[in-house]
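Q: Let me give you the structure first, and then I'll get to my questions.
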Amino acid sequence: ELNAANIDRANRAEARANHAERQLEATQAPHIESANRAEARAKRAEQRMADEADAKTVELMLFEDTLSAKRQRANRAEARVAELEAALAGAGASGVPSSYALDFS
């Protein structure tokens, strides 16, 4: 009889524990769902920021490539100007290129 009473008390305690657990789950479910939605929003925002950073990196690389090409063109133009100035200086005051200058000596 004591054994049956102990078993009965244990079963009732287990039933109360199960009921309390279900109640806790029921009250926590909305909070868990809300936390899951917030986590999903945070992950989407993080992905969006990563995508924007990638796009900005590509944009920066393209800008650097364009800038490098413009620097190269400017350097070539400056070299050509220096060549032309040297040719003009070599032609003397007459303004005629030295290849066309007459030699009267």
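Q: Could you pull the accessible area for residue 22 with a 1.4 Å probe, rounded to 10 Å²?
A: Approximately 140 Å² of residue 22 is accessible to the 1.4 Å probe.
Q: Now, a different point. Considering only protein heavy atoms and a probe of 1.4 Å, how much of the accessible area of segment 1-97 is carbon and sulfur, as a whole percent?
A: Numbers: 4900 of 8540 Å².
Roughly 57 percent, rounded to a whole number.
Q: Moving to a separate point now. Points 7 angstrom from Cα along the Cβ direction at residue 66 and residue 88: gap in nanometres?
A: That separation, rounded to one decimal, is 3.2 nm.
Q: Here are some values of semi-axes √(5λ) of the Cα gyration tensor in Å: (1) 37, 20, 11; (2) 96, 11, 5; (3) 27, 17, 12. Which one was computed from this structure?
A: The value matching this structure is (2).
Q: Another question about this same structure. Once you list every other residue whose beta carbon is under 14 Å from the beta carbon of residue 45, what net charge do they have if Lys and Arg are +1 and Asp and Glu are -1?
A: Numbers: positive: 37, 41, 43, 44, 48; negative: 39, 46, 51, 52.
Charge balance in the 14 Å sphere: +1.
Q: If you put +1 on each Lys and Arg Cβ and -1 on each Asp and Glu Cβ, how big is the dipole of segment 46-92 around its Cα centre, in Debye rounded to 20?
A: Values: 7 positive and 10 negative charges, 71 e Å.
Once rounded to the nearest 20, the dipole reads 340 debye.
Q: Next question. Over the chain, average the accessible area per residue using a 1.4 Å probe and give it in Å², no decimals.
A: 90
Q: Another question, if that's okay. Could you tell me the calculated FRET efficiency between residue 54 and residue 29, based on Cβ-Cβ distance and R0 = 30 angstrom, to the nearest 0.05?
A: Working: r = 37 Å, r/R0 = 1.24.
Computed FRET efficiency for residue 54 and residue 29 comes out at 0.20.
Q: Something else: Starting from the Cα-Cα distance between residue 47 and residue 5, subtract it from 0.36 nm times their residue separation and give me the gain in nm to one decimal. Walk me through the numbers on the way to the answer.
A: Values: separation 42, 0.36 × 42 = 15.12 nm, distance 5.97 nm.
Result: 9.2 nm gained on full extension.
Q: With unit charges on the beta carbons (Lys and Arg positive, Asp and Glu negative) and the dipole taken about the Cα centre of the chain, which residue among 20, 90, 69 sits farthest to the positive side?
A: Of the candidates, 20 comes out farthest on the positive side.
Q: Let me ask another. Would you mind checking the tilt of helix 2-91 against the longest principal axis of the Cα atoms of the chain, expressed as 0 to 90 degrees and rounded to 10?
A: Here the helix axis deviates by roughly 0 degrees.
The values are calculated or read from the model by the stated rules, or taken from the named source; none is laboratory data. This structure is a prediction, so every number in the text was calculated from the model and none was measured. No Cβ is skipped: glycine too gets one built from the backbone with ideal geometry, and neighbour counts run over all protein chains shown. Side chains included, ligands, DNA and RNA excluded: accessible areas come from the protein's heavy atoms. Shrake-Rupley method; radii C 1.70, N 1.55, O 1.52, S 1.80 Å.
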